[in-house]
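Student: Here you go, one structure.
The values are calculated or read from the model by the stated rules, or taken from the named source; none is laboratory data. Predicted model only: the values in this text are computed from it and were never measured. Positions of Cβ are generated from backbone atoms using ideal geometry, with glycine treated the same way; all protein chains shown enter the neighbour counts. Surface accessibility is based on the protein's heavy atoms, side chains included, excluding ligands, DNA and RNA. Shrake-Rupley method; radii C 1.70, N 1.55, O 1.52, S 1.80 Å.
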Amino acid sequence: MDLASKQEWFSEVESICQSKAEEFALLGYDNVTAQDIWECVTQGYKEIPPLHRMVNDILSLKPNKYMNYLMIQMYRNS
């Protein structure tokens, strides 16, 4: 998925990502942003999925999967 299309789709689901970030904050993950949620969910997409799949992937994201994503990113960047 290219950067332009990612940003276009992010604007469509930004409020859902924000809601998920707020849910994570209630669970004690205070530094999670809507953009972080978006990056975690979309990192596995090779092409743009249907909107309903994207929304489902965002709403069903669990803290464990997010933390695994962060660990992988940390290892890739070091």
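Student: Take the range 41-52 and flag every residue that is of a type in the set (S, T, N, Q) and loosely packed, with under 14 Cβ neighbours inside 10 Å.
Tutor: Selection gives Gln43 alone.
Student: Keeping to the range 22-46, report how many residues are under 16 Å from Gln73 (Cα atoms) and of a type in the set (Gly, Ala, Ser).
Tutor: Result for the range 22-46: 1.
Student: Which ones in the range 6-40 are under 22 Å from Pro50 (Cβ atoms) and exposed (fewer than 13 other Cβ atoms within 10 Å of the Cβ)?
Tutor: Within the range 6-40, Gln7, Glu8, Ser11, Glu12, Ser15 meet the criteria.
Student: Next question. Could you tell me whether the range 53-65 includes any residue that is open to solvent by 80 Å² or more (accessible area, probe 1.4 Å), polar (S, T, N, Q) and either in contact with an Asp or Glu (Cβ under 9 Å, 6 or more places away or on another chain) or farther than 26 Å from Glu8 by Cβ (or both)?
Tutor: Yes, the conditions are met somewhere in the range 53-65.
Student: Would you please list the contacts, defined by Cβ atoms under 6 Å and residues six or more apart or on different chains, that run from a residue in the range 10-28 that is among the polar types (S, T, N, Q) to a residue that is open to solvent by less than 80 Å² (accessible area, probe 1.4 Å)?
Tutor: Close Cβ pairs (under 6 Å, with a partner that is open to solvent by less than 80 Å² (accessible area, probe 1.4 Å)) amount to Gln18/Ala34.
Student: Name the pairs: first residue in the range 40-61 and touching a residue at least 12 places away in the same chain (Cβ under 8 Å), second residue outside any helix (DSSP H, G or I) and surrounded by 15 or more Cβ atoms within 10 Å (Cβ to Cβ), Cβ to Cβ under 7 Å, at least 6 apart or on different chains?
Tutor: These pairs meet every condition: Cys40/Leu61; Val41/Leu61.
Student: Right, next: Of all residues in the range 66-78, which are surrounded by 10 or more Cβ atoms within 10 Å (Cβ to Cβ), more than 16 Å from Ile16 (Cβ to Cβ) and among the aromatic types (Phe, Trp, Tyr)?
Tutor: Within the range 66-78, Tyr69 is the sole residue that qualifies.
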